[in-house]
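Enquirer: Okay, handing you the structure first.
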4 protein chains.
Amino acid sequence: MIPVDWKSFFEPAHATPGLPGSGHATLFSNTRVVRIDWGDCDPAGIIFYPRYFEIFDASTSALFERALGLTKIELLKTYDFSGFPLVRTRARFLQPTRYGDDVTVDSKITFGHASFEIEHRLSLKGVTCVECEEKRVWVVREPDGRLKSRRVPEEVLRKFRVI
Amino acid sequence: MIPVDWKSFFEPAHATPGLPGSGHATLFSNTRVVRIDWGDCDPAGIIFYPRYFEIFDASTSALFERALGLTKIELLKTYDFSGFPLVRTRARFLQPTRYGDDVTVDSKITFGHASFEIEHRLSLKGVTCVECEEKRVWVVREPDGRLKSRRVPEEVLRKFRVI
Amino acid sequence: MIPVDWKSFFEPAHATPGLPGSGHATLFSNTRVVRIDWGDCDPAGIIFYPRYFEIFDASTSALFERALGLTKIELLKTYDFSGFPLVRTRARFLQPTRYGDDVTVDSKITFGHASFEIEHRLSLKGVTCVECEEKRVWVVREPDGRLKSRRVPEEVLRKFRVI
Amino acid sequence: MIPVDWKSFFEPAHATPGLPGSGHATLFSNTRVVRIDWGDCDPAGIIFYPRYFEIFDASTSALFERALGLTKIELLKTYDFSGFPLVRTRARFLQPTRYGDDVTVDSKITFGHASFEIEHRLSLKGVTCVECEEKRVWVVREPDGRLKSRRVPEEVLRKFRVI
C-alpha cells in the first residue's frame, strides 16, 4: 500500500547524534505548559489532532528561543535564514486531551548537518498523551526566491551546547 | 533518543490487508481538490504544516462520505459511534505548497478489525508534495462517557466493498 | 448595501448594565498574556485576523474561569448548560501584531438577562492593537437536541459580583 | 463600557458608494459554496465561530480572483502590493451550522479610495446563518518594511466595473 520506503523514514542516516563537534550526544531540551482551549476541540469533546501539531511547532520555536534568547522573528532577522520547515513528522496518540487541560510539552533536539530532529512528549498529570518526532531543515531563501537547505550556523550550534 | 519502538510503528500486526472477508486486498479510494488559502500559509509564504492534517482529516471523512453516501454527522447518527480518532500518523513533506494552489488529495483505505489505515497523497500538477499515513480506530462512547474502540460494523465494511 | 438594521446592532436593548440586582454597573474583568505564534501569522508576516477571535474566545472562557474558579469543561458539567455561543461581534484592528509578540488581553463583562457582553482590548506594550466587543447568550440543550437561550443562573451572577 | 466611537464604526465617511468614477453604486459580487468540516466544529457540535472569519477571508480573495482572474499570490505579484488587511469587521450569528453543511457565501464589494467594504452573507438552504461586514485597506510595503495604505489601483477598479 505504501510506495515510499517508510522503513527508513526516520533513520537519520546523515545525522550525527548530538551536536557536531560535541563529541557526544548532548541533548538540549525545553518544557512548557499549554492550555487546551474549547476551540481546539471537536464535536467528540476531545482535541482535534491538527492542533497538536500547532502546539509542537510552537514548542520547537520555544526550544530555540530558550537556547538562543531570541524569539523566532528575532532569530530570522539575526541569522538571515527563512525558517526550519518540516521534512517529516510522526506522532502517536495515546490518550485524548480536553479543553481545560493544562498539558506539559517536553521537547528535545538533536542536530544533524543541515537538519535537526525534535522529539516532543505531551503529557497530562505525568501521563503521556502524545509522542511526536519531527525532522526539520534549516533553510535560506536563494536570490531566485526558492528555499534551500543550508548547514545550521556554528554560532547557533554553540548556543545549544551545554557542558 | 526515541524510547518507543518506532520500528514497529506502522506494522499493521492486527490488520488484515484489504477488507475482511473480501479475500484480497481491495482498496477503496477517493480524490478531492483543495484550495490552499492565504490564511493557511505562514510568514515564509508556504503552507503552515498543521493545515495539511486538517486537510487529511477532512479527506478521511470525504472517503467515508463517498463510500457510504453519508456525511460524517449523518454517519454518527446512523451508526451510533463517536468518531474515528487517530492512533498514529506520519507524513513526509516533499514540496511546499502556497496560497492559490489547488492541490489534489488521493486517499486510500485498508481495514483492520477495530481500526483502519488511510494513505493520503497530496499533489500539485502531478507532483507529490506530501505523503501521509494514518491509523484510526472506530470508537463508541461507553455508558460511563469514555471512548472505547469497537469492531467496524459489517454494514460499513460492506459499503466499502467493490467488485 | 446593508439590509439589516446595523445601527441597533450593539444597542443592548434588553441588557441591564452591570449585574442584575447589583444596583450599579459592576464590571468584572480579567487580564491575560498571549504569545502570538509563527503559525498564527500569514504571508504578510502579521497575525491572520481570525486568530484574534480564537484568542478572544479563550479570553471569555478565562474570564469565567477566574470568576467561578472552574474551567469551561467543569462549568459545563456543574451548571448543565451547553455553552455561550456568540450572537454578534465586532472588532477594530488598529495595529498589527507579529509572531513573538506577547500581547495583553483585557476582558470586561456586563450581564443582561439571558445574555452578556464582553469587551476585549488587545494591546502590545501599552498600545491598543485590537478592540473587540461580543454579545453571547447562555444556552441549554433542549430534550429535542436544539440549543435554546436561558437566563444566566443567579449562582453564576453571584460569583461575578464583587463589592 | 465602550470607549471608542462605535456609532460611527461603519459609517464609510471617506468611501464613495460603488466604484469611483462609475457614477452609481455598482456592486460586484461572488458566490461560493463551502463545506463545514468536523474540525471546524467545537464540543457543542456547531462551528467554532473564528472559522467563519477564515471562510470570509477566503471569500474576499475569491471575489478578487473572480474579478481579476488572478489568485491572491498572482495578485500580489502583479500589482506589487502587500495585501488588504482588515480595519474592522462585524458579524451577526443567526443560525448555527454544523459539520457536513454545505453553506453558500455571497460576497459583495464597494470601493472607497484606499479601502473597500465587503459584505458577506452565509446561508444554508436559503436561510441566512451569518451576516458579516468588513472594511479593508489596500496596503503596500514601504522601503522601511512598514505597511502603508495606498489608493486601490485604477487598473484593479476597472476590472471590477461591470456594465
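Enquirer: To one decimal in nm, how far is residue C:128 from the same spot in the other copies, if labels go 7 Å from Cα toward Cβ? Please give the shortest first.
Expert: Label point to label point, same position, other copies: 2.9, 4.9, 5.4 nm.
Enquirer: With 19 Å as the cut-off, how large is the P(r) tail for the range B:67-117, expressed as percent of Cα-Cα pairs?
Expert: 51 percent
Enquirer: Would you list the P(r) distribution for the range B:49-163, with all Cα-Cα distances sorted into 10 Å bins from 0 and each bin expressed as a whole %?
Expert: With a bin width of 10 Å, the distribution comes to 13, 43, 30, 13, 1.
Enquirer: Let me ask something additional. Would you tell me the mean number of C-beta atoms belonging to other protein chains that fall within 10 Å of each C-beta in A:89-97, as a whole number?
Expert: 6
Enquirer: Averaged per residue, what accessible surface does the range C:77-163 expose to a 1.4 Å probe, in Å²?
Expert: 46 Å²
Enquirer: Nearest 20 debye, what's the magnitude of the dipole of the range D:27-117 about its Cα centre given +1 on Lys and Arg Cβ and -1 on Asp and Glu Cβ?
Expert: It works out to roughly 220 debye.
Enquirer: Defining the label point at 7 Å along Cα→Cβ, can you sort the distances from residue A:150 to the same site in each other copy, shortest first, in nm?
Expert: For residue A:150, the other copies' label points sit at 2.9, 5.7, 6.2 nm, shortest first.
Enquirer: How well do other chains shield peptide C:30-41, expressed as the mean number of their Cβ atoms within 10 Å of each residue Cβ?
Expert: 5
Enquirer: A follow-up question, please. Sequence gap at least 6, Cα distance under 8 Å: using those rules, report the relative contact order of the range B:56-163 to the nearest whole percent.
Expert: Once divided by the residue count of the range B:56-163, the mean separation gives 27 percent.
Enquirer: May I ask which residue of D:95, D:56, D:75 lies farthest towards the positive end of the charge dipole of the range D:51-98, with charges of +1 (Lys, Arg) and -1 (Asp, Glu) on Cβ and the Cα centre as origin?
Expert: D:95
Enquirer: Round to a whole number: what % of the accessible area of the range C:25-66 belongs to carbon and sulfur, probe 1.4 Å?
Expert: Summing carbon and sulfur atoms, their accessible area is 45 percent of the total for the range C:25-66.
Enquirer: Follow-up question, since we're still on this one. Keeping every protein chain in place, order A:87, B:33 by accessible area at 1.4 Å, biggest value first, i.e. largest first.
Expert: Largest accessible area first, the residues go B:33, A:87.
Enquirer: To continue, here is another question. Between B and D, which B residue has the Cβ nearest their rotation axis, distance in Å?
Expert: Taking Cβ atoms only, the nearest residue and its distance are B:54, 5.
Enquirer: When a/c reaches 1.5 or more, the comparison of a/b and b/c decides; with that in mind, is the range D:105-163 rounded, prolate or oblate per its Cα gyration tensor?
Expert: oblate
Enquirer: In square angstrom and rounded to 100, what buried accessible area do you get between chains D and B, total over both, with the probe at 1.4 Å?
Expert: 1200 Å²
Enquirer: Same structure again: Among the listed pairs C:135/C:159; A:72/C:125; A:77/B:125, give every one whose C-alpha distance is greater than 30 Å.
Expert: Result: A:77/B:125 exceed 30 Å.
Enquirer: Evaluate peptide A:76-83: per residue, the Cβ atoms of other protein chains within 10 Å of its Cβ; return the mean as an integer.
Expert: For this peptide, the per-residue mean of nearby foreign Cβ atoms is 2.
Enquirer: Shortest first and in nm to one decimal, what separations exist between residue A:87 and its copies in the other chains, measuring from label points 7 Å along the Cα-to-beta-carbon line?
Expert: 2.9, 4.7, 5.5
The values are calculated or read from the model by the stated rules, or taken from the named source; none is laboratory data. None of these values were measured; they are calculated from a predicted model. For neighbour counting, all protein chains shown are included, and Cβ atoms are generated from backbone atoms with ideal geometry for every residue, glycine included. Remember, those area values only see protein heavy atoms, side chains included, never the ligands or the DNA or RNA. Shrake-Rupley method; radii C 1.70, N 1.55, O 1.52, S 1.80 Å.
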